[in-house]
Structure formats: C-alpha cells, structure tokens
1. Of all the residues that make up the range 35-69, how many are acidic (D, E) and over 11 Å from R3 (Cα atoms)?
2. Name the pairs whose Cβ atoms lie under 7 Å apart, with the first residue in the range 44-57 and under 16 Å from T15 (Cβ atoms), the second part of a loop (DSSP other than H, G, I, E, B) and open to solvent by 30 Å² or more (accessible area, probe 1.4 Å), and 6 or more positions between them or separate chains?
3. Which of the residues spanning the range 1-17 are under 13 Å from the mean Cα position of the chain (by Cα) and not basic (K, R)?
4. Under 7 Å between Cβ atoms, at least 6 apart or on separate chains: pull out the pairs that start in the range 5-32 with a residue that is touching a residue at least 24 places away in the same chain (Cβ under 8 Å) and end on any residue that is of a type in the set (D, E).
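The values are calculated or read from the model by the stated rules, or taken from the named source; none is laboratory data. All values derive from a computational prediction rather than experimental measurement. When we count neighbours, we look across all protein chains shown, and the Cβ atoms used for this are built from the backbone with ideal geometry, even at glycine. Areas reflect the complete protein model, heavy atoms only, side chains present, ligands, DNA and RNA absent. Shrake-Rupley method; radii C 1.70, N 1.55, O 1.52, S 1.80 Å.
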Amino acid sequence: MPRYIIERNVGTGMTREQLDAASLRSIEAATHIPGLVWIRSYVSEVEGKLYCEYDAPDPQALHAHAERAKIP
C-alpha cells in the first residue's frame, strides 16, 4: 500500500485544544475510509503546519478523509 505525507497549513494561531479536536475528528473519520491507516503526525508551530503520514489505497481516500474530518 502506498505511503503518503500530507502537509496541512493550519496557521500559527491554532491552539492545543483545536489540534486535539482535529485529531479526534481525524481518528473517527479514518474508521470510515477503507484501507486508510494513520501512521504519525508532526506539528510545526513556527510554520503553522501539520505533517501527517498515512498508508492509503489512493489519494482520493486521503481527500475523503480530510473532508469527513473537516481539516484542511
């Protein structure tokens, strides 16, 4: 299965609580996308970016996950 690293621009004003809420939405959304497996995420507070690593069957699965989780 292909591995993907997603770079998300979340801005520098995202609080820890907002990041935690996004994480919970992401975990829940992943259960609805066949074959999608979250590996790990990295936060760059200085850049305002989130880097997320997934195994997924195709890029469309990642887009569906982001839409369902309401994350950029």
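1. Number satisfying all stated conditions: 3.
2. E45/T12; G48/V10; G48/G11; G48/T12; K49/V10; L50/V10
3. Listed by number, the residues that qualify are Y4, I5, I6, E7, N9, V10.
4. Sorted first by the residue in the range 5-32, then by its partner, the pairs are I5/E53; T12/E45.
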